[in-house]
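Since the structure comes first, as structure tokens, the remarks are kept for the end.
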Amino acid sequence: MVPETVSEWFPDRPPTWMEVASTALMWIPLVINLSPLDSISWTWGAIGFVSFAVAMGPARNTSFGQRVGEWFGDIGVAGRGTVIIAFAIVVWWTMFTVDIPTVTVNSYVAGAWTTITLYTLAYLVDAGEIDGWSAT
């Protein structure tokens, strides 16, 4: 069981197989893009880790974070898909418009994904089980 303050960061349901599998499978392209280890910017990896840790934990539990979470849930599957695709387009466009080194982007994403992986593992430990393929 994880500490009570951390336990409040998780949904009131066990994680799904889809959440666990997508977290694990996302490491495949990251590992391919980050080989060898000397191509990693540890500073940008740490920035990605810390920024996602703050966003997924303390910032998510503020009143603003809760309002954003409620809004995201209220817009439905199509709305969430639209927001995610729009975000991906903006990131993709920015990568081709602004000269950001690939190592910087890959390192930031690896740090962020490390946070997501640790969050998923802690969520799994807190719940003690995986429940089905989708949240109902």
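The values are calculated or read from the model by the stated rules, or taken from the named source; none is laboratory data. Everything numeric here is computed off the predicted structure, so don't read it as measured data. Here the Cβ positions follow ideal geometry from the backbone for every residue, glycine too, while neighbour counts run over all protein chains shown. We work out accessible area using only protein heavy atoms, side chains counted, and drop any ligands, DNA or RNA first. Shrake-Rupley method; radii C 1.70, N 1.55, O 1.52, S 1.80 Å.
Which of the residues spanning the range 53-68 are of a type outside the set (A, V, I, L, M, F, W, C) and surrounded by 13 or more Cβ atoms within 10 Å (Cβ to Cβ)?
GLY57, ARG60, ASN61, GLY65 - these are the residues of the range 53-68 that are of a type outside the set (A, V, I, L, M, F, W, C) and surrounded by 13 or more Cβ atoms within 10 Å (Cβ to Cβ).
Taking the options TRP133, TRP71, TRP44, TRP93, name whichever one is in a helix (DSSP H, G or I), in contact (Cβ under 8 Å) with a residue 12 or more places away in the chain, open to solvent by 90 Å² or more (accessible area, probe 1.4 Å) and not β-branched (Val, Ile, Thr).
After applying the criteria, what remains is TRP44.
Output the qualifying pairs, or none if there are none: Cβ atoms under 6 angstrom, residues six or more apart or on different chains, first residue in the range 16-30 and within 14 Å of ASN106 (Cβ to Cβ) and open to solvent by less than 70 Å² (accessible area, probe 1.4 Å), second residue aliphatic (A, V, I, L, M) and part of a helix (DSSP H, G or I).
Hits for this filter: LEU30/ALA110.
I need every pair where a residue in the range 101-118 that is more than 12 Å from THR23 (Cβ to Cβ) and of a type in the set (Val, Ile, Thr) has its Cβ under 6 Å from the Cβ of a residue that is open to solvent by 10 Å² or more (accessible area, probe 1.4 Å) and assigned to a helix (DSSP H, G or I), sequence separation at least 6 or different chains.
Partner pairs satisfying both residue conditions: VAL103/SER39; THR104/TRP44.
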